[in-house]
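The values are calculated or read from the model by the stated rules, or taken from the named source; none is laboratory data. The shown structure was predicted, so the numbers you read here are calculated from the model rather than taken from an experiment. Here Cβ is always computed from backbone atoms with ideal geometry, including for glycine, and neighbour counts include all displayed protein chains.
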Amino acid sequence: MPRLNAGTRHIIRFTLNGRPAAFEVEPRMLLTDALRHLLGATGTHVGCEHGVCGCCTVIIDGVPARACLTLAVQAEGCEIRTIEGLAPSPARLAALQAAFRRHHALQCGFCTAGILMSLDAFLAIHPNPSVEELREVLSGHLCRCTGYAPIIAAALEAAAKLREDAVHV
Ligand code: FES
Ligand code: FES
């Protein structure tokens, strides 16, 4: 791993939601702050800032990660997905988003972006999840106002829809 000078800014290049992106950051800057303040990607929320609440979850090279525990410089060369890239188009929600809306699986929505990103990554490799597996995934996320039952119902419905779509591709 290269040693970076703490006092200077470094240009970091990566892919954000399928498009080339870059920011210029000091080594101490967090990925949450760089995404939100330098790129305007404010869909990634900041709750606890120490890895507990899951609000800041993004996908880095296919794996969910706490952006509040990731330095922005660690994004170099990575493929990063955030909530802004989840919907297939501005006019169409992703299956998970649509199911969350149908099941009223959010109220204030503060936790929702992180939950959606974790579930998206999980369903990509576990297309037919059990309730217990979904509970395990959600154990990494704190939701203080919805309750988890509608979130699990939405995730199950989205998983079924994604399996059905996969058959018809
Ligand atoms: Fe990152 Fe809470 S803000 S886990
Ligand atoms: Fe409000 Fe989860 S919807 S914290």
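Scan region 75-97 and give yes if some residue there is assigned to a strand (DSSP E or B), among the hydroxyl-bearing types (Ser, Thr, Tyr) and more than 14 Å from His45 (Cα to Cα), otherwise no.
Yes, region 75-97 has at least one match.
Within region 17-48, track down each residue that is within 16 Å of ligand 2 (Cβ to nearest atom) and not hydroxyl-bearing (Ser, Thr, Tyr).
Gly43, His45, Val46, Gly47, Cys48 - these are the residues of region 17-48 that are within 16 Å of ligand 2 (Cβ to nearest atom) and not hydroxyl-bearing (Ser, Thr, Tyr).
For Gly147, which of the numbered conditions (1) modelled with pLDDT of 95 or more; (2) farther than 23 Å from Ala67 by Cβ; (3) assigned to a loop (DSSP other than H, G, I, E, B) fails to hold?
So the condition that Gly147 fails would be (1).
Might you let me know whether region 53-60 holds any residue that is assigned to a helix (DSSP H, G or I) and crowded, with 20+ Cβ neighbours inside 10 Å?
Within region 53-60 (the criterion being assigned to a helix (DSSP H, G or I) and crowded, with 20+ Cβ neighbours inside 10 Å), the answer is no, since none of the residues qualifies.
Output the residue which, of all residues in region 49-80 that are out of contact with any Phe, Trp or Tyr (no Cβ under 9 Å at 6 or more places or on another chain) and away from ligand 1 (no atom under 16 Å from the Cβ), is nearest to Lys161 (Cα to Cα).
Top of the filtered list is Gly62.
Quick one: how many residues across region 103-150 are buried (at least 19 other Cβ atoms within 10 Å of the Cβ), touching a residue at least 60 places away in the same chain (Cβ under 8 Å) and within 11 Å of ligand 2 (Cβ to nearest atom)?
Within region 103-150, residues that are buried (at least 19 other Cβ atoms within 10 Å of the Cβ), touching a residue at least 60 places away in the same chain (Cβ under 8 Å) and within 11 Å of ligand 2 (Cβ to nearest atom) number 5.
Can you pull out the residues in region 147-169 that are in contact with a Pro (Cβ under 8 Å, 6 or more places away or on another chain) and either of a type outside the set (A, V, I, L, M, F, W, C) or on the phi > 0 side of the Ramachandran plot (or both)?
Looking only at region 147-169, we keep the residues that are in contact with a Pro (Cβ under 8 Å, 6 or more places away or on another chain), and these are 155-156, 159, 162-163, 166.
Listed by number, the list holds a single entry, Arg163.
Tell me the residue from Phe100, Phe110 that is away from ligand 1 (no atom under 15 Å from the Cβ) and either closer than 30 Å to Ala34 by Cβ or part of a strand (DSSP E or B) (or both), please.
So the residue among Phe100, Phe110 that is away from ligand 1 (no atom under 15 Å from the Cβ) and either closer than 30 Å to Ala34 by Cβ or part of a strand (DSSP E or B) (or both) is Phe100.
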